[in-house]
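Asks: This structure is in structure tokens; I'll ask about it shortly.
The values are calculated or read from the model by the stated rules, or taken from the named source; none is laboratory data. Because the structure is predicted, anything quoted here is derived from the model rather than measured. All Cβ positions, even for glycine, are placed from backbone atoms using ideal geometry, and neighbour counts span all protein chains on display. The area values use the complete protein model at the heavy-atom level, side chains included, leaving out ligands, DNA and RNA. Shrake-Rupley method; radii C 1.70, N 1.55, O 1.52, S 1.80 Å.
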Amino acid sequence: DLFVFMHIFDKGYEKKRSKLLGAYLPHPPGKSPNSHLTFKRSQSAFPRQVFRKIYLDNGYVINESLAETVIVIVPLLLSLCPLGLEASMAHERRPLMAPSASRYHRRRSSGTRDERYRSDVHTEAVQAALAKHKERKMAVPMPSKRRSLVVQTSMDAYTPPDTSSGSEEEGGQGEGTPTSSQGSISMEHWITRAIHQGSTTSSSSSSTQSGGSGAAGRLADVLAQTHVENHSAPPDVTTYTSEHPVQVERPQVSTVPRTTPKYGNAELMETGDGVPVSSRVSAKIQQLVNTLKQPRRPPLREFFVDDFEELLEVQQPDPNQPRPEGSQMVAIRGEPLGVVTNWPPSLEAALQRWGTISPKAPCLTTMDTNGKPLYVLTYGKLWSRSIKVAYNILHKLGTKQEPMVRPGDRVALVFPNNDPAAFMVAFYGCLLAEVVPVPIEVPLTRKDAGSQQIGFLLGSCGVTVALTSDACHKGLPKGPTGEIPQFKGWPKLLWFVTESKHLSKPPRDWFPHIKDANNDTAYIEYKTCKDGSVLGVTVTRIALLTHCQALTQSCGYTEAEIIVNVLDFKKDVGLWHGILTSVMNMMHVISIPYSLMKVNPLSWIQKVCQYKAKVACVKSRDMHWALVAHRDQRDVNLSSLRMLVVADGSNPWSISSCDAFLNVFQSKGLRPEVICPCASSAEALTVAIRRPTDDSNQPPGRGVLSMQGLSYGVIRVDSEERLSVLTVQDVGTVMPGALMCVVKPEGVPQLCRTDEIGELCVCSIATGMSYYGLSGMTKNTFEVFPMTSSGAPISEYPFTRTGLLGFIGPGGLVFVSGKMDGLMVVSGRRHNADDIVATALAVEPMKFVYRGRIAVFSVTVLHDERIVVVAEQRPDSTEEDSFQWMSRVLQAIDSIHNVGVFCLALVPANTLPKTPLGGIHLSETKQLFLEGSLHPCNVLMCPHTCVTNLPKPRQKQPEIGPASVMVGNLVSGKRIAQASGRDLGQIEDNDQARKFLFLSEVLQWRAQTTPDHVLFTLLSSRGTVLSSLTCLQLHKRAEKIAAMLMERGHLQDGDHVALVYPPGIDLIAAFYGCLYAGCVPITVRPPHPQNIATTLPTVKMIVEVSRSACVMTSQVICKLLKSKEASAAVDVRSWPPVLDTDDLPKKKPPQLYKPSNPDTLAYLDFSVSTTGMLAGVKMSHTATSAFCRSIKLQCELYPSREVAICLDPYCGLGFVLWCLCSVYSGHQSILIPPSELEVNPALWLLAVSQFRVRDTFCSYSVMELCTKGLGLQTESLKSRGLDLSRVRTCVVVAEERPRIALTQSFSKLFKDLGLHPRAVSTSFGCRVNLAICLADQKTRGPDPTTVFVDMRALRHDRVRLVERGSPHSLPLMESGKILPGVRIIIANPETKGPLGDSHLGEIWVHCGHNGSGYFTVYGDEALQSDHFNSHLSFGDTQTVWARTGYLGFLRRTELTDASGERHDALYVVGALDEAMELRGMRYHPIDIETSVIRTHKSIMECAVFPWTNLLVVVVELEGSEQEALDLVPLVTNAVLEEHYLIVGVVVVVDIGVIPINSRGEKQRMHLRDGFLADQLDPIYVAYNM
């Protein structure tokens, strides 16, 4: 290693710093970066830890530490930024601040570590790994975050950490340093770390010019140019909510130069780094794509997939993985448990003995928060008070006849951590009364994390009484009347205070019955499992006594020894040593409460000195804190200690605290052999403990194990540069009287080999007996019979699983490498949560992680465990710093553990749920993460790197010819998918209008025969009739308009006229006026007066593209077109002549125009498809008449009928129903403009009820408005007389897959108002044929059918029907009945061959009312005419078909229609243009969107689109911006689970940002363009790695 070592405060520090950094900063060409930089090898300045390796025959290495470890301070020159981030993060680094000199010197001399989980070797390894990554130049695009979101997580928003927060840590993970002023070693102050050559990257100061720099910046510019044409707003975009400016119709490209309109409410998002955001997204996506192109670590293996099934890859074992090679292990027996004559026959007997023989002997001394002795409990007092408690429990609760507590019952012990004396009295009182104490934590609030589970434990144990102290009782939350409320999930409890003054004196003749220890339960210790559930481990009286004897023997306890206890005395090591074994041996316990440790971390060391204690029980954290707070104190002398029990010595990461503690305190009299780590578990009690020896020459055992080997469960000495190693220390030998073996962690308990990691199992009297009340789990844990490889049990006695993973080394030394609870099995390899925490903390921990609080757990996504890391972020770290820290943590974990992190989340300081002692409550954290209520402030997901078991991408077969497909279908008996509506020729009806070729003639005929028959009625928003038209009135009005066109407009036959009217009667009159004058009308949606800038350009575009010779409109719109706002949006001078029809001439035209040929153009139908393509479809007179006739027959329309229409009248079926059908069929149309529903949502339904309408037509947006707006008003509508019982058909007019959820909720909601559930159905039309299917009258055909198809098969263009509710099922509703005269076939869109019934293909249609071609196609010139005249490539090659551009399938149902024919149902699946080809499969956006919307209650709407092979998901968030980041993991997980797709980018936006068109369809392509042009103003954008 090359190290540079120097003092920060040398005069030339700045100069040297710039020299050192020079290597990593951009330098002028031609100069070698290192020409001015020389490294000195400074061996003396950097003593390395020297290991002497002892190689043992079975492949272990035990290390002995020969030189003490000294931590060396080197200036930290590791800039965090991974190379390639300049473009997306051009932010100046804050200058490195030098701490005050005195503090610096002090730290240096104390030589402590800055984190409990840190070992120098490990930190070094992590830094080296990161250096390697730098060379690979991984670029991780940084998420974009809205300003408001950044501000909320800034320094000012935080309350300073409360004292109780993170320092009472319990539990192995994330126990950090206290930020106390005496000196937390927080890493901002250490500007220290070894420099590895090349491990720094350029700090991105070079790229602060706006616009980004470097390749990514240039790329951004290029992308910005290429996309410029799409950046203006989309055409035909309306949002149906009145709060938002209605964004209607803006062109994609405008010939007039103007500034790009903002999309929604977007200003240029500032990101605080001087780079304007436009052109940023595209650069980031490109960066993401480039990064994802880099090779993945595990290559996907080849495997066979049936084309039909999508098989998830099963992880194949790696052929090169290390396998255990040792011989089968032999169970190891501890030394025999000595028989000592004066050992008591039971623990109560010991108490009786000491309480009567030496009543004055001190038993327990408690401390106050100043470290002064608060109270000394003597053995006499303990004895007398325990008797008193025992008597009162048995005789003073309940009545004499019905006592509440009898011997053998369970009672809860609820005592605070600062009152061990009261706890001890209550505990021994219970033992004397022969009731079973269940010690638990004090519930702080009613919804404390995990306290609910404790309540379940109490309930299952049948606890009805809780013993507590006076102070604790006063502190519990109280209800209004002063009673203690029932905590959530807790049984009803009687709270009983055990202080002597509250108790009755037992009568003289009453005495507890003291028996020898037997198999009755002595106490129950609670244990929290990985999933958060709480179990009660029962310990019998004989186990309790035997355990105390075994501890006495192995620790060499003698009478009257003084022991200092810092541990929790209610459970585990603290209970066993400080409450139980101490009494057996009449020892004196000095109990240090956590409240004192928080104020003074050195208190336990001071008490050891003060009392000359022989033994101390601590956790490695307590040693760490003592180091942190240690200030060369003269008076510290630890020579009295003969044993320092390290309770969490089984955590491999405790070794660094032990070493560092020894380093510092060896000079204060601490002997190395005093440090005694032990391993314990709730089930097996003490598993092993290192014995205190007098021989300081015998070094402790060390193993340096390869992490790679460990992940396969194999013990290997690490050969590879010792990068990823785990150093473990022994936890001593097996307990006296116990037998120990190691078994495989999963499956049958088979013995491991000697070089294999497994679960330690113990056979001893001194273990737990059972999980209370859970016989099944008890059997699996406490009654295990380990077997040899031949299947023979090794003992007739059962073993207990300890929950610890490890191995037994040479000399019977026990080594623990982790816990079963922290085990995460990812792709068949095992990783320990603690190890991952340690690696994360080695990446500059204290700079970013608040007090080292990190939680690591795994979640199951797509049949494998995925690692999630959650850390509390320091309040003062910036966005960029945190993000870079996150990317480095990912790299470090990847290098050291060879495993990807699925999700890394940072939450604000102090927000993770805590355990009662202040540690992180893991299972609760996981729960919050899974339900989306963790509220992180930073998230980085890495599904691309982690998820390697996706199904293989589908390989398209080399094209099989359409002929062979057809033959194959015939051979396999599959029907060719084709269907038709009723034959028009065979229908006999008295249709008078049939004899006319032209609609204009039909109108003239009606004006003569039924002049006063009302054809159209227009309603206002209040439901009143605004105006109506009879046949004659319409005819007269049309004549005047025709005269005006000829006279003022000087138009010729066949000229095009744009009709720009609001929905109403003027539009209809103008249409027929055009027909009378021989002109071709084009209906155009008028510009929105509040939103001219975005809506007028679309109007202009349609007028230009349709080559209109003039524009007809009303007076109001005429003024609008000439207004100031209009001239700002478009060039008003280039409009064709504008005619205002409010002022009509009095005279009629000389004669009405009659077309010579019915195949000439009747009108042009212009609309914008969902993919943003503007196209005008030519409709001939023949097609128009055929269309009206088809609808008349299907819907049985006669002059006596009324039909309510709530649709936009500008294109498609909406226009035909609004303007044409009434004239053809003679029925009355009640017209309801959809825009009026924004004012009065009940308008449409009230009109339907009031006019007693049988048939009504609406759009999805209208239906949604009613469902959302009237959901809570059904009762009041009923009282207003709203009655929908007469409705036979309510048809939703659409050009998409039926929205089954919406139609069903609409039906359910209005069922109470009489709506028949079968009345609601859908229609289907498209550009080439405005209506293919339409619900017909119920008299004719069967009900619309719903089928469930397998979504996975659908992706392969196969249709497989499944049962309702089966996994991956997708409900599809039939799209109405096929109209008369319509033939349909399903064809392969690529080969144009006909397809079988079970295939998904393009719907082709042949009928009289097909459009006759595109007038112009705008937006995609490549669209050929074959949309209108295609031929099948095989089979019936003569028929001319029109291609709809929609994918669907036909299914012959069991039902029959009126003519007795089997009924063919058409199912529309989605538009071909919108379908996304990902991983070789076809996905429909709506399916992914449905999955996403289900994931979280705050997701209101969702839209997805692909961009450069990445899937982009945009979600609208309803709720606080704080929830935005919760959605990222949920969305990613849902899409992975349900669609086997990895989401590339998650964008969280405000409600109303996703644009929809007039038909209520999402405009995904405009959304895409807006996103890439940075016009969305997103709340958060996450780029998944």
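Asks: For Ser1027, what charge total do you get from the other residues with a beta carbon under 12 Å from its beta carbon, if Lys and Arg give +1 and Asp and Glu give -1?
Replies: Counting the neighbours of Ser1027, the net charge comes to 0.
Asks: Still on this model: Sum up the charges of everything whose Cβ sits under 10 Å from the Cβ of Val1287, counting Lys and Arg as +1 and Asp and Glu as -1, but leave Val1287 out.
Replies: Here the charged neighbours net out to +2.
Asks: Keeping every protein chain in place, order Lys396, Lys388, Lys293 by accessible area at 1.4 Å, biggest value first, i.e. largest first.
Replies: Ranking Lys396, Lys388, Lys293 by accessible area, largest first, yields Lys293, Lys396, Lys388.
Asks: Give me the percent of accessible area attributable to carbon and sulfur for the stretch 475-566, probe 1.4 angstrom.
Replies: 52
Asks: Now for a different question. Normalised by the residues of the stretch 517-610, what does the relative contact order come to in percent, with Cα pairs under 8 Å and at least six apart?
Replies: This gives 21 percent for the stretch 517-610.
Asks: Report the calculated FRET efficiency for Thr1439 and Asp1159 (r = Cβ-Cβ distance, R0 = 30 Å), to the nearest 0.05.
Replies: 0.95
Asks: What is the stretch 773-897 by shape, rounded, prolate or oblate, if you read a ≥ b ≥ c off the alpha carbon gyration tensor as root eigenvalues and call it rounded for a/c under 1.5, prolate for a/b larger than b/c, and oblate otherwise?
Replies: Prolate shape, in that a/c is at least 1.5 and a/b is the bigger ratio.
Asks: Follow-up. Taking the Cα centroid of the stretch 1030-1076 and of the stretch 1509-1581, what is the distance between the two, rounded to the nearest whole Å?
Replies: 45
Asks: Based on the Cβ-Cβ distance from Thr1274 to Leu494, what FRET efficiency comes out when R0 is 35 Å, to the nearest 0.05?
Replies: 0.10
Asks: Calculate the length of the line joining the C-alpha centroid of the stretch 1100-1150 to that of the stretch 829-886, in whole Å.
Replies: Between the Cα centre of the stretch 1100-1150 and that of the stretch 829-886, the gap is 64 Å.
Asks: Now for a different question. With the Cα gyration tensor of the stretch 565-632 giving a ≥ b ≥ c as the square roots of its eigenvalues, does the rule (a/c under 1.5 for rounded; else a/b larger than b/c for prolate; else oblate) give rounded, prolate or oblate?
Replies: prolate
Asks: Moving on. Under the rule a/c < 1.5 gives rounded, and otherwise a/b versus b/c splits prolate from oblate, where does the stretch 1050-1179 land using the Cα gyration tensor?
Replies: Oblate, since a/c reaches 1.5 and b/c is not below a/b.
Asks: Oh, and also: Would you calculate the separation in nanometres between label points at Tyr375 and His863, each defined as 7 Å from the Cα along the Cα-to-beta-carbon direction?
Replies: Taking the simple label geometry, Tyr375 and His863 are separated by 6.0 nm.
Asks: Also, quick follow-up: For the stretch 1216-1323, just list the percent of Cα-Cα distances falling in each 5 Å bin from zero outward, please.
Replies: Once binned at 5 Å, the Cα pair distances of the stretch 1216-1323 give 2, 12, 23, 27, 22, 10, 4, 1.
Asks: Quote to one decimal, in nm, the extra length available between Met777 and Gln1090 on full extension: 0.36 nm per residue of separation minus the C-alpha distance between them.
Replies: In short, 105.8 nm is gained.
Asks: Any idea how far apart Arg1452 and Asp516 come out in nm if each label point goes 7 Å out from Cα toward Cβ?
Replies: Result for the modelled spin labels: 8.8 nm.
Asks: What nm distance separates the two modelled labels at Asp876 and Thr1024, each placed 7 Å from Cα along Cα→Cβ?
Replies: Roughly 7.0 nm, to one decimal.
Asks: How much of the accessible area of the stretch 1232-1377, in percent, comes from carbon and sulfur atoms when a 1.4 Å probe is used?
Replies: Taking all protein chains in place, the stretch 1232-1377 shows 51 percent carbon and sulfur surface.
Asks: For Pro324, what is the net charge nearby, where nearby means another residue's Cβ is under 9 Å from its Cβ and Lys, Arg count +1, Asp, Glu -1?
Replies: That sum, taken over residues with Cβ under 9 Å, equals -1.
Asks: Another question, if that's okay. Taking 0.36 nm per residue of separation and subtracting the Cα-Cα distance, what length does fully extending Thr788 through Ser1520 add?
Replies: Stretched fully, the Thr788-Ser1520 segment lengthens by 257.6 nm.
Asks: Calculate, for Asp368 and Lys505, the FRET efficiency according to 1/(1 + (r/R0)^6) with r their C-beta to C-beta distance and R0 30 Å; round to the nearest 0.05.
Replies: 0.55
Asks: Run a plain Debye calculation on the stretch 1476-1585 (Cα atoms as equal point scatterers, no solvent) and give log10 I(q)/I(0) at q = 0.13 Å⁻¹, rounded to two decimals, same order as the q list.
Replies: -0.41
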